[in-house]
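These notes are about the structure you will find just below.
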Amino acid sequence: MFEAKFQSFDETADPSQGAPRLAALRAELRSRRLDGFLLPRADEHQNEYLPPSAERLAWLTGFTGSFGFVIVLPTKAALFVDGRYAVQARTQVDMTAFTPVNISDETPSDWLKANAERGQRIGYDPEIHTLEGIERFEAAAKAAGLTLIALDGNPVDALWTDRPAPPLAPVVPHDEAFAGESAASKLDRLRAELAKAKADALLVTDAHCLAWLFNIRGGDVAHTPLPLGFAIVPAAGRPDLILDCRKLSNAVRAALSETASLAEPHDLDSALQALGAQRKTVRLDPSGSAAAYARTLEKAGATLQRGPDPIARLKAVKNAAEIAGARAAQTRDAVALCRFLAWLDAEAPKGALDEIGCAEALESFRRETGALKDVSFPSISAAGPNAALPHYRVTRASNRRLETGFYLIDSGAQYQDGTTDVTRTVVIGEASAEMRDRFTRVLQGHIAIATAVFPKGVSGAQLDAFARRPLWDIGTDFDHGTGHGVGSYLSVHEGPQRISKLGTATLEPGMILSNEPGYYREGHFGIRTENLLLVETRDIPGAEREMRGFETLTLAPIDRRAIETDLLSKAERAWLDAYHARVAAEIGPLLDAGARAWLAAACAPL
């Protein structure tokens, strides 16, 4: 029997607690002479996955999505979500207490300006708001005659009596065989970037950047092997690595001490003040670093140099070892996924499968590789209308049986040599003509990205429309980006690279991105086809410019039964047949006889 070790399907939201907790928070605010409070779903590192101790927004509201923001006023409270979570928010929160607002319709700062009364005092925790975010609120507050108050301590913590302790997962080395470069070499490259930018030091608050720079991994949050901590990297001299040293074994402590001076989190404030006292110019990412740290530096006399953390781009461009690891991880993952898809095809017609059972089965096939460290995110295992929710997460309450139509499975894995993310939409029984049409148009968009050739300097925003054109042709679209960056045994959602309307970062050789156009008919079905891509240089005879293209890394069949072949061009058919031939040739020999026979049929030419 299959089981899930790395994901839970229990419903953690409890809307009934929303109203009493909101009333308690308002009382706490009154005791502090405050009229309102700003609460993002965030921690001090702006992580996507939070440690349980930082899930304040979920505790207060019941909402468990990965993006949310709450504003509490004396008689109103709003929960801001993006389009991915509009339906989920309505089901998880008490709407008599919290009003869900789509952030694309009204931003939190605009809502505050429109709903707060002149003279009111609005509190916030400066350690979990970014500098840019608070500056937007300060502008709104000034326009509305409000006063923003930076608080010492979060008022939610005063009420959350059973709040979990901060995480203390062991920090482990990330072997240079996987990293492809020593921490010392990475520090040298970073110092060169700081010198070029004329910065005296860099404040590192992003735990992903910290993990990459020092070649360490941890387990402080789910699904991403992060050690939570900070670093101060001077343009010359030893960096300070600031984390809870109870996470360090003697061997790890000794190894890290070769390249960095170790300090505890309570030392961060004095370290920032020392930079100010020395009148240093400190690089800080205003979109990712907490306002508290920026204000401490400024108050102490430092000059802030605002700009992206240079580590993010260094991390995004994978080296030869990381690329080799990504290919190995994709091959290993493909074996597990193809075994699952063969099992699914055999079992689905019996009518007994449900969303949880499928998610458990796929995780079990991945665990049988012997290399799985974690799933890279909770699997989106979605049947029928549930698949129309792009970020659906199955619970025991929402669990559906697989019935005639589409089943969508979006999942990924964390291996020491690489991180995976793949989506397949599978026909259960038969698909209607409308479903086949939409599936094929999504596939055409996917192929358009996979086959794109573009000049050096092009960004993801310039490619995004390629994936949408077949859907635009019939007057529809999808409301998420086409692709996100992917880390190397790090975050499955990595920046700065992405393929979206907002993807302004240049796509450089060595970057890994997803290619995942979709279509969602609310209340009926959803479709997404996702592979990971590697940006590569592309040699074109006679080319007048340096060109780029993509290598497809993911290897798994795309369901031919869902394709309306007459819609495909000759070139699109050729791409799919060639892709399937590659899948069969590379993955088939790694499967048992039964799964290999299934794969051969699934990869037959159109």
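The values are calculated or read from the model by the stated rules, or taken from the named source; none is laboratory data. Note that the structure is a prediction, hence the values are computed from the model and not measured. Positions of Cβ are generated from backbone atoms using ideal geometry, with glycine treated the same way; all protein chains shown enter the neighbour counts. These accessible areas exclude ligands, DNA and RNA; they are computed on the full protein's heavy atoms, side chains included. Shrake-Rupley method; radii C 1.70, N 1.55, O 1.52, S 1.80 Å.
For the condition of a type outside the set (S, T, N, Q), open to solvent by 10 Å² or more (accessible area, probe 1.4 Å), closer than 18 Å to Asn319 by Cα and more than 19 Å from the chain's Cα centre (by Cα), Pro470 does not qualify.
When region 432-454 is limited to residues that are of a type in the set (A, V, I, L, M, F, W, C) and open to solvent by 50 Å² or more (accessible area, probe 1.4 Å), the one that is farthest from the chain's Cα centre (by Cα) turns out to be Ala433. Residue-level check: of (1) open to solvent by 10 Å² or more (accessible area, probe 1.4 Å); (2) closer than 30 Å to Asp374 by Cα, Ala197 misses just (2). Counting only strands (runs of 3 or more DSSP E) that fall entirely inside region 219-338 and contain at least 3 residues that are among the hydrophobic types (A, V, I, L, M, F, W, C) and buried (at least 22 other Cβ atoms within 10 Å of the Cβ), the qualifying elements are 230-234. The condition of being modelled with pLDDT of 95 or more and out of contact with any strand residue (DSSP E or B) (no Cβ under 9 Å at 6 or more places or on another chain) holds for only one of Leu131, Leu112, Leu168, that being Leu168. Going residue by residue through region 504-517, is there one that turns out to be modelled with pLDDT of 95 or more, surrounded by fewer than 20 Cβ atoms within 10 Å (Cβ to Cβ) and within 23 Å of His391 (Cα to Cα)? No, region 504-517 has no match at all.
Among the residues making up region 572-598, those that are open to solvent by 20 Å² or more (accessible area, probe 1.4 Å), within 29 Å of Gln462 (Cα to Cα) and free of Cβ contacts under 8 Å to residues at least 60 places away in the same chain are Arg573, Ala574, Asp577, Ala578, Arg582. Residues that are open to solvent by less than 20 Å² (accessible area, probe 1.4 Å) number at least 3 in the following strands (runs of 3 or more DSSP E) confined to region 42-127: 69-72, 77-81, 121-124. Kindly check whether there is at least one residue in region 130-146 that is over 19 Å from Ala42 (Cβ atoms) and not in a helix (DSSP H, G or I). Yes; the residues of region 130-146 include at least one that is over 19 Å from Ala42 (Cβ atoms) and not in a helix (DSSP H, G or I).
What pairs can you find where one residue is in region 49-71 and touching a residue at least 40 places away in the same chain (Cβ under 8 Å), the other is in a helix (DSSP H, G or I) and hydroxyl-bearing (Ser, Thr, Tyr), and their Cβ atoms are less than 6 Å apart, with a gap of 6+ or different chains? These pairs meet every condition: Gly65/Tyr85.
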